[in-house]
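Peer 1: Starting off with a structure, shown below.
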Amino acid sequence: NAGVMQNPRHLVRRRGQEARLRCSPMKGHSHVYWYRQLPEEGLKFMVYLQKENIIDESGMPKERFSAEFPKEGPSILRIQQVVRGDSAAYFCASSHTSGSTYEQYFGPGTRLTVT
Amino acid sequence: DAKTTQPNSMESNEEEPVHLPCNHSTISGTDYIHWYRQLPSQGPEYVIHGLTSNVNNRMASLAIAEDRKSSTLILHRATLRDAAVYYCILRRIQGAQKLVFGQGTRLTINP
């Protein structure tokens, strides 16, 4: 029973390049959430998606960041033209359904370093 | 969203019980109390949640005050593996699905 999978686990990008972070939710889960943890800071919500739909993107930076969760395949968080301030750990979580009694299961994270 | 307040850090000894407090004086009647923890270099992990009654599971117990303005996460017998940052989070019924993490309590376990 595989948990939430994220890849790559570590990603190094030069300023101006694109970063693509992938998240495969737990089997049977159709709700995906992305969170970011900047160095020495807390976890911040970015975006919540269901299959083919963005439900809540209130935490996404207005520019350069996008997310998708296609009908088939993993969810992708895409960061265009990365800057040093994008260096952080990005965590994906999934849940079986929505609702405040359902826990979110987190992946191990992708640690992005921008040089 | 209602706010939670936790001590920045706590320390305990291995094999002793640990009581992690959380204040949420502005909690509403439709807010569930959730606890997550984050071990070093890992993603957060669900621990337990409750609404009004005390709850037990294999990881911990959750004691909720009668007025619901505070709660306590209880680790009955701490191990070194329990060293983590513990987050107390309120989630409203039918509310936004996102988890709002505060600074949490960094728990250190001494061998």
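Bear in mind these aren't lab numbers, they're just calculated from the coordinates by the rules spelled out. What you are looking at is a predicted structure, and each value in this text was computed from that prediction instead of being measured. Virtual Cβ from ideal backbone geometry, glycine too; neighbours counted across all protein chains shown.
Peer 1: What number of residues in the stretch B:9-51 are exposed (fewer than 14 other Cβ atoms within 10 Å of the Cβ), in contact with a strand residue (DSSP E or B) (Cβ under 7 Å, 6 or more places away or on another chain) and under 15 Å from B:Y86 (Cβ atoms)?
Peer 2: 5
Peer 1: Would you please name the residue that is nearest to the other protein chains (Cβ to nearest Cβ), looking only at residues in the stretch B:85-109 that are assigned to a strand (DSSP E or B) and of a type in the set (F, W, Y)? Give the steps one after another, and end with the answer.
Peer 2: Initially, the stretch B:85-109 is screened for residues assigned to a strand (DSSP E or B), giving B:85-92, B:105-109.
Subsequent filtering for residues that are of a type in the set (F, W, Y) retains B:86-87.
Working: B:Y86: 12, B:Y87: 8 Å.
By that ranking, first place goes to B:Y87.
Peer 1: Right, next: Say we look at the stretch A:3-19 and pick out the residues that are of a type outside the set (A, V, I, L, M, F, W, C) and outside any loop (DSSP other than H, G, I, E, B); which of these is surrounded by the most Cβ atoms within 10 Å (Cβ to Cβ)? Give the steps one after another, and end with the answer.
Peer 2: Initial filter on the stretch A:3-19 (of a type outside the set (A, V, I, L, M, F, W, C)): A:3, A:6-10, A:13-18.
Adding the requirement that they be outside any loop (DSSP other than H, G, I, E, B) leaves A:6-7, A:10, A:13.
Values: A:Q6: 22, A:N7: 15, A:H10: 11, A:R13: 18.
Only one residue fits best here, namely A:Q6.
Peer 1: Among the candidates A:K27, A:K51, A:K71, which residue alone is surrounded by fewer than 18 Cβ atoms within 10 Å (Cβ to Cβ), in contact with a Ser or Thr (Cβ under 8 Å, 6 or more places away or on another chain) and over 26 Å from B:T105 (Cα atoms)? Don't jump to the end; show me each part of the working.
Peer 2: Values: A:K27 fails: in contact with a Ser or Thr (Cβ under 8 Å, 6 or more places away or on another chain); A:K71 fails: in contact with a Ser or Thr (Cβ under 8 Å, 6 or more places away or on another chain).
A:K51 is the lone residue from the list that is surrounded by fewer than 18 Cβ atoms within 10 Å (Cβ to Cβ), in contact with a Ser or Thr (Cβ under 8 Å, 6 or more places away or on another chain) and over 26 Å from B:T105 (Cα atoms).
Peer 1: Under 13 Å from B:C22 (Cα atoms) and surrounded by 21 or more Cβ atoms within 10 Å (Cβ to Cβ), is that true of B:L90?
Peer 2: Details: under 13 Å from B:C22 (Cα atoms): yes; surrounded by 21 or more Cβ atoms within 10 Å (Cβ to Cβ): yes.
Answer is yes for this residue.
Peer 1: Can you tell me how many residues in the stretch B:12-67 are closer than 18 Å to B:R106 by Cβ and part of a strand (DSSP E or B)?
Peer 2: Here the count works out to 15.
Peer 1: In addition: B:S71 versus (1) hydroxyl-bearing (S, T, Y); (2) farther than 27 Å from A:P108 by Cβ; (3) touching an Asp or Glu at 6+ places or on another chain (Cβ under 6 Å): which is the lone unmet condition?
Peer 2: Every listed condition holds for B:S71 apart from (3).
Peer 1: To continue, here is another question. Out of all the residues in the stretch B:52-77, which are among the hydrophobic types (A, V, I, L, M, F, W, C) and surrounded by fewer than 19 Cβ atoms within 10 Å (Cβ to Cβ)?
Peer 2: Answer for the stretch B:52-77, where residues must be among the hydrophobic types (A, V, I, L, M, F, W, C) and surrounded by fewer than 19 Cβ atoms within 10 Å (Cβ to Cβ): B:V55, B:M59, B:A63, B:A65, B:I74.
Peer 1: Hand me the list of strands (runs of 3 or more DSSP E) wholly inside the stretch A:20-115 holding 3 or more residues that are within 14 Å of chain B (Cβ to nearest Cβ), closer than 17 Å to B:K98 by Cα and under 15 Å from the mean Cα position of the chain (by Cα).
Peer 2: Working: elements: A:31-37, A:43-50, A:53-56, A:65-68, A:75-79, A:88-95, A:110-114.
Fully inside the stretch A:20-115 and qualifying: A:31-37, A:43-50, A:53-56, A:88-95.
Peer 1: If you check B:D82 against the conditions, is it away from chain A (no Cβ under 12 Å) and without any contact (Cβ under 8 Å) to a residue 60 or more places away in the chain?
Peer 2: Numbers: away from chain A (no Cβ under 12 Å): yes; without any contact (Cβ under 8 Å) to a residue 60 or more places away in the chain: no.
So B:D82 does not fit the description; no.
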